[in-house]
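Peer 1: Here it is, the structure in full.
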Amino acid sequence: MATLSIYRNLAFVVYLTRLVLADSLADVDHVVLFMQENRAFDHYFGTMAGVRGFRDPNVQINPDGRSTFFQLVDSHLSNATDHLLPFYLNEVGGDFVNGTQCMVAGSNSWGANQAALASGLNNMWAIGNSPYAVGYFKRQDLPVHFAIADAWTVGDMYQEGVIASTDPNRDIWQSGSINIPGGNVNSTQGPVLDNNESPGCSSLTFTTENGTVLRSPKIFSCYPYDWKTVPEYLQDAGISWKSFQAVQNFGDNPLPDFKIYQDLAATNESDPLVQRGLAMSGSGNWQGGLDDFKRDAAAGTLPAVSYYIGPEELSEHQPNLPRDGGWLWKEIVDAVVSSPKYNRTVLVISFDETGGWGDHVVPFHSPENTPGEWIVNPLTGKNTFAGPGFRLPFVVISPWTRGGNVFTEPADHISQILFLEQWAAARGTPFMSAEINDWRREHMSNLTNMFDFDNPDTSPIELPFAEMPHSDLITDLLDGPMNCERLFQGSVQPPIPYGNQTAETSLVTEQGSKSVRGSLTEGRYLVIESGNFALAVDSDNALIAANTSDLKFADASQRFVVHATDPSQATANTFRISAGADFGGNSTTYITAELGFGPVSGGAVFEIVFLRASTGYSFREQTSRKFLSLNGGKVSLTNELEGLKLFSVTF
């Protein structure tokens, strides 16, 4: 078959895949968007099996020769060392195992996060934010979170929308913009860079570690905001929606930040935007919103789009307990999975921002001066991108995301809107959020590649037990942080292991694997399979097709690493491929066009295309324009497209 016809055939396969996927999206009746508070990906899931965590083979190496795992330490912090690695918060055991649940770390402000980012070096979390920022939990501390991520699909390249605090990130989540100059919003209000909720304009402030307050001379965050929100688009398209929220919701509903909701609340309380977006559930009860959501889920009567916004004490915002947040995760997941409409429901669990916790992955962002994305930092005068920011925990629960998968496409809060757009179009009720900037619309995932509509799985799953959050016996109000601090006083903020770390003991992960879905990005050891065979390196340092193993993480000869030809373009699909670090990790371990090994300069470039979850990926060598094949147990390049399955492994 001619090369050109092969290429056209590949394009047609991808086109047909998108058509089938769009048709299948039409079968989804309910989308539930549940956003929590202030945790980072490494902080929660850095040790998880099969994700881009502490085993990242593509971690950025800075000019000092050290990776972003090595955070700088100065004499104000310690004289015992010049760096701090990520560390397990409960390493010393004892009461800390419970006390650290209510500990605090750094600041989630614009200034503190920009200081930690250090103009892209991402090595100033300890000095610029807090040494606790690089502390992490493990599975035993977050059993519900881990179990849900393992049972369905976790995204390990999902980023906050803005390198800032709650309001900017929740505003972009439900409106598509924070109105950085040059973007698609025509407004003099904003940009939204902080949690200003006072009418009028304010200047941005930043409190340093020693308590000094820095104030920008420029005016920012003119409030309230006047661009169109996603619920307004849903309303116009005839798509039912509702915000389920507790009375004391920590101010996490972003809709009151917008002028139209404020005006309607003052003049027309019966307006659907007010009734669906602002109305509270319950009479001051923290379970308000949750009870209503569970009732409607059980009856199969949820609206087409549900936003769930929980009470402050269950939000996971420090010092609120992650364990209590896990209880809320389980309540929401159980309500969805036990609903008679589970087979037509998608639940998205995300976090708004990092909350002063750190992450080792330098944020994927737009080129300098991209309209609506770059801004002069009002505190430093330097040009910087506003977002997307650092990675966050992100899990999608549905019959089409079951099975313990990792989704690798770059995504942020905009992605949830893009998914709603794709889903609404498939249903015949399309809308398009005009506020989303062009660069994000092009480069942020719409999440549809996460789903395997060919193989839905609605089989039951038993999640770990989650203890009911503690409440005051007299008032019945939740008091988890106060109870935690009372019980474990002196064992809340753990010791920081200055000078007592090695990479081998600090950068640990679980052994295991996850099936990969979505357009490929760097950051993982990969097992490449077709049928009963896996690509491997034999004792003579040659490529072979070896038998697959159920313990995919166990065979070092079957680990490979992809290296983007242009690392600045996280959504590009051309890579060089090297054998895993166990085979030298040096410049001569790159697969060549002859399917041997050579230096990086001679490494073959492969176009790696995600076809669909049930098919896998095509690997096309760019010089010969042929596809990598393991067919019949032989490693070759052929004219026939072959779908290869990928597994991300940690060991």
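Peer 1: Give the range 311-321 a look and list any residue that's of a type in the set (A, V, I, L, M) and either in contact with a His (Cβ under 7 Å, 6 or more places away or on another chain) or in a helix (DSSP H, G or I) (or both), or say none.
Peer 2: Matches in the range 311-321: 314 only.
Peer 1: Further, regarding this structure: Being closer than 24 Å to residue 332 by Cβ and in a loop (DSSP other than H, G, I, E, B) narrows it down to one residue among 270, 306, 281; which is it?
Peer 2: 281
Peer 1: If you don't mind, another one. Take the residues in the range 126-150 that are within 18 Å of the chain's Cα centre (by Cα) and among the β-branched types (Val, Ile, Thr), then tell me which one is surrounded by the fewest Cβ atoms within 10 Å (Cβ to Cβ).
Peer 2: 144
Peer 1: Taking the range 322-371 on its own, how many of its residues are part of a loop (DSSP other than H, G, I, E, B), within 30 Å of residue 133 (Cβ to Cβ) and among the hydroxyl-bearing types (Ser, Thr, Tyr)?
Peer 2: 3
Peer 1: Count, please, the residues in the range 464-519 that happen to be in contact with an Asp or Glu (Cβ under 6 Å, 6 or more places away or on another chain) and of a type in the set (Phe, Trp, Tyr).
Peer 2: Number of matching residues: 1.
Peer 1: Return the residues of the range 638-651 that are over 20 Å from residue 563 (Cα atoms) and not in a loop (DSSP other than H, G, I, E, B); say none if nothing qualifies.
Peer 2: Result: 638, single match.
Peer 1: Tell me, which residue of the range 598-627 that is in a loop (DSSP other than H, G, I, E, B) and aliphatic (A, V, I, L, M) is surrounded by the fewest Cβ atoms within 10 Å (Cβ to Cβ)?
Peer 2: Ranking the candidates gives 605 first.
Peer 1: Here is a follow-up. Take the residues in the range 40-55 that are within 28 Å of residue 166 (Cα to Cα) and assigned to a loop (DSSP other than H, G, I, E, B), then tell me which one is nearest to the chain's Cα centre (by Cα).
Peer 2: Applying the filter and picking the extreme gives 40.
Peer 1: Could you pull out the residue among 380, 370, 345 that is among the β-branched types (Val, Ile, Thr), surrounded by fewer than 18 Cβ atoms within 10 Å (Cβ to Cβ) and in contact (Cβ under 8 Å) with a residue 24 or more places away in the chain?
Peer 2: Among 380, 370, 345, only 380 is among the β-branched types (Val, Ile, Thr), surrounded by fewer than 18 Cβ atoms within 10 Å (Cβ to Cβ) and in contact (Cβ under 8 Å) with a residue 24 or more places away in the chain.
Peer 1: OK, next. Taking the range 589-611 as the region of interest, how many residues are over 34 Å from the mean Cα position of the chain (by Cα) and among the hydrophobic types (A, V, I, L, M, F, W, C)?
Peer 2: Selection size over the range 589-611: 3.
Peer 1: Another question about this same structure. Filter the range 498-516 down to residues that are among the hydroxyl-bearing types (Ser, Thr, Tyr) and within 21 Å of the chain's Cα centre (by Cα) and give me whichever is nearest to residue 80 (Cα to Cα).
Peer 2: Among residues in the range 498-516 that are among the hydroxyl-bearing types (Ser, Thr, Tyr) and within 21 Å of the chain's Cα centre (by Cα), the one nearest to residue 80 (Cα to Cα) is 509.
Peer 1: Let me ask something else about it. Give all pairs with beta carbons closer than 9 Å in which a residue from the range 150-167 that is more than 22 Å from residue 446 (Cα to Cα) and at pLDDT below 95 meets a residue that is of a type in the set (Phe, Trp, Tyr) and surrounded by 24 or more Cβ atoms within 10 Å (Cβ to Cβ); count only pairs at least 6 apart in sequence or on separate chains.
Peer 2: Close Cβ pairs satisfying both conditions: 164/110; 165/110.
Peer 1: Of the residues in the range 427-441, how many are within 25 Å of residue 27 (Cβ to Cβ) and part of a loop (DSSP other than H, G, I, E, B)?
Peer 2: Counting residues in the range 427-441 that are within 25 Å of residue 27 (Cβ to Cβ) and part of a loop (DSSP other than H, G, I, E, B) gives 6.
Peer 1: Going through the range 152-194 one residue at a time, which ones are in a helix (DSSP H, G or I) and touching a helix residue (DSSP H, G or I) at 6+ places or on another chain (Cβ under 9 Å)?
Peer 2: Passing the criteria: 167, 168, 169, 170, 171, 172, 173, 174, 175.
Peer 1: Residue 301 versus (1) part of a helix (DSSP H, G or I); (2) without any contact (Cβ under 8 Å) to a residue 12 or more places away in the chain: which is the lone unmet condition?
Peer 2: (1)
Peer 1: Can you tell me which condition residue 445 does not meet? The list is (1) within 20 Å of the chain's Cα centre (by Cα); (2) polar (S, T, N, Q); (3) at pLDDT below 95, and all the others hold.
Peer 2: Result: residue 445 passes all but (3).
Peer 1: Tell me the strands (runs of 3 or more DSSP E) entirely within the range 500-558 that contain at least 2 residues that are in contact with a helix residue (DSSP H, G or I) (Cβ under 7 Å, 6 or more places away or on another chain), small (Gly, Ala, Ser) and surrounded by 23 or more Cβ atoms within 10 Å (Cβ to Cβ).
Peer 2: Where strands (runs of 3 or more DSSP E) fall fully within the range 500-558 and carry at least 2 residues being in contact with a helix residue (DSSP H, G or I) (Cβ under 7 Å, 6 or more places away or on another chain), small (Gly, Ala, Ser) and surrounded by 23 or more Cβ atoms within 10 Å (Cβ to Cβ), they are 533-537.
Peer 1: Do you know which residues across the range 479-499 are buried (at least 19 other Cβ atoms within 10 Å of the Cβ) and not in a loop (DSSP other than H, G, I, E, B)?
Peer 2: Passing the criteria: 480, 481, 484.
Peer 1: Of the residues that sit in the range 348-367 and are β-branched (Val, Ile, Thr) and within 24 Å of residue 174 (Cα to Cα), which one is surrounded by the most Cβ atoms within 10 Å (Cβ to Cβ)?
Peer 2: That would be 354.
Peer 1: Could you check the range 450-476 and list, in sequence order, the residues that are in contact with a strand residue (DSSP E or B) (Cβ under 6 Å, 6 or more places away or on another chain) and either closer than 21 Å to residue 326 by Cα or exposed (fewer than 14 other Cβ atoms within 10 Å of the Cβ) (or both)?
Peer 2: Correct list: 469, 471.
Peer 1: Something else now. Take residue 329 and decide whether it is in the same structural domain as residue 147 (by TED's automatic domain parsing), buried (at least 22 other Cβ atoms within 10 Å of the Cβ), within 18 Å of the chain's Cα centre (by Cα) and closer than 29 Å to residue 234 by Cα.
Peer 2: Taking the combined requirement at face value, the residue satisfies it.
Peer 1: Now for a different question. Among the listed residues 59, 97, identify the single one that is of a type in the set (A, V, I, L, M, F, W, C), outside any strand (DSSP E or B) and under 25 Å from the mean Cα position of the chain (by Cα).
Peer 2: That would be 59, the only listed residue that is of a type in the set (A, V, I, L, M, F, W, C), outside any strand (DSSP E or B) and under 25 Å from the mean Cα position of the chain (by Cα).
The values are calculated or read from the model by the stated rules, or taken from the named source; none is laboratory data. This is a predicted model, so every value here is computed, not measured. A quick note on method: Cβ atoms are made from the backbone with ideal geometry, for glycine too, and the neighbour counts reach across all protein chains shown.
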